[in-house]
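A short worksheet on the structure shown next.
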Amino acid sequence: MSDHQLRVSKIRNGTVIDHIAAGQALNVLAILGIDGSEGYGLSIAMNVSSGRLGRKDILKIEDRELSQSEVDVLSLIAPEATINIVRDFEVIEKNRVERPDRVSGLLSCPNHNCITNADEPVETAFEVISDGVRCNYCGTIIHEDIADHLAVE
């Protein structure tokens, strides 16, 4: 295979998530709730060479575009990622993720005493900080493994 050949074929329609930190592709899939049973065509390239990151992961998801809330959470574990929207084999939109100031209703607080874990109708809310997220209610900070704290749908 020459340097100019694609390792993974192009997709007709969908989303390409590029510049994911090496080893994080499976966490991104967890965040998006994709486990392979949805019927989307899915290509995963892990630990491939990158001029910008050294090594990176890439995801190609056919026939699916991401919502803004999905992009917001994705930005927490893949802050260098780019989102490419593909239609008829052409990239029609390319954006770098931007970390939001807050995320609501997407993560669960690990503090069992937090009001969001009581039998009260309180939606979770987290402030995004430099090294993780902080619960707006109890102050608990999640530094890593944010994908492990996705709110149960």
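Report, in debye and to the nearest 20, how large the dipole of region 12-153 comes out about its Cα centre when Lys and Arg carry +1 and Asp and Glu carry -1 on their Cβ. It would help to have the intermediate numbers written out before the result.
Details: 12 positive and 24 negative charges, 120 e Å.
For this selection, approximately 580 debye.
Assuming R0 = 35 Å, what is the FRET efficiency of residue 63 and residue 22, from their Cβ-Cβ distance, to the nearest 0.05? Can you show the working numbers first?
Values: r = 26 Å, r/R0 = 0.75.
Computed FRET efficiency for residue 63 and residue 22 comes out at 0.85.
Please check: in the Gaussian network model of the chain (C-alpha springs, under 10 Å), which one of 17, 61, 34 has the largest mean-square fluctuation.
With Cα springs under 10 Å in the chain, the top fluctuation among 17, 61, 34 is at 34.
Among residues other than residue 131 whose Cβ falls under 14 Å from its Cβ, what is the net charge (Lys/Arg +1, Asp/Glu -1)?
On the way: positive: 99, 134; negative: 127, 144, 145.
Spelling it out: positives minus negatives among the neighbours equals -1.
Treating the beta-carbon of each Lys and Arg as +1 and of each Asp and Glu as -1, no other charges, what is the dipole magnitude of region 102-149 about its Cα centre, to the nearest 20 debye?
On the way: 2 positive and 8 negative charges, 30 e Å.
For this selection, approximately 140 debye.
Count the net charge of all other residues whose Cβ sits under 15 Å from the Cβ of residue 68, scoring Lys and Arg as +1 and Asp and Glu as -1.
Details: positive: 64, 96, 99, 102; negative: 65, 70, 72, 93, 98, 101.
Within the 15 Å Cβ shell, the charges total -2.
Report, by chain and number, residues whose modeled amide H sits under 5 Å from the one on residue 65, excluding near sequence neighbours (fewer than 5 apart, same chain).
Residues meeting the criterion, in which the H sits 1.01 Å from N, do not exist here.
In the neighborhood of residue 23, defined by Cβ-to-Cβ distances under 11 Å, what is the net charge if each Lys or Arg adds +1 and each Asp or Glu adds -1? Please list the in-between numbers first.
Working: positive: 55, 56; negative: 57.
Spelling it out: positives minus negatives among the neighbours equals +1.
To the nearest 10 degrees, how steep is helix 68-77 against the longest Cα principal axis of the chain, on a 0 to 90 scale?
90
Translational D (Stokes-Einstein, µm²/s) of the chain at 10 °C and 1.306 mPa s when Rh comes from the Kirkwood sum over C-alpha pairs?
On the way: Rh = 16.6 Å.
Estimated via Stokes-Einstein, D reaches 96 µm²/s.
Check each of the GluC sites (Glu not before Pro) in region 1-104 and keep only those in coil by DSSP with at most 13 other C-beta atoms within 10 angstrom; list them in order. Provide the component values of the computation, followed by the final result.
Values: sites: 38, 62, 65, 70, 80, 90, 93, 98; in loops: 38, 65, 80, 98.
Answer in residue order: 38, 98.
Could you order 112, 143 so the one with the most accessible surface comes first? Probe is 1.4 Å. Write out the running numbers ahead of the final one.
Details: 112 160, 143 105 Å².
Putting 112, 143 in descending order of accessible area: 112, 143.
May I ask for the longest run of the chain untouched by trypsin sites (Lys or Arg not before Pro) that are loop-located per DSSP and have at most 13 neighbouring C-beta atoms (other than their own) within 10 Å?
On the way: sites that count: 7, 10, 12, 52.
Formally, the longest exposed-site-free interval is 53-153.
If you count only protein heavy atoms with a 1.4 Å probe, what accessible area per residue comes out for the chain, rounded to a whole Å²? Walk me through the intermediate numbers first.
Details: 8970 Å² over 153 residues.
Computed with neighbouring chains in place, this is 59 Å² per residue.
In the chain, carbon and sulfur make up what percent of the accessible area (probe 1.4 Å)?
Values: 3890 of 8970 Å².
For the chain, the apolar C and S fraction of the accessible surface comes to 43 percent.
Please compute the length gained on full extension between residue 91 and residue 122, using 0.36 nm multiplied by the number of residues separating them and subtracting their Cα-Cα distance.
7.2 nm
The values are calculated or read from the model by the stated rules, or taken from the named source; none is laboratory data. The model shown is predicted, which means the values in this text are computed figures rather than measured ones. All Cβ positions, even for glycine, are placed from backbone atoms using ideal geometry, and neighbour counts span all protein chains on display. For the accessible areas, the whole protein counts, side chains as well, though only heavy atoms, and no ligand, DNA or RNA atoms are used. Shrake-Rupley method; radii C 1.70, N 1.55, O 1.52, S 1.80 Å.
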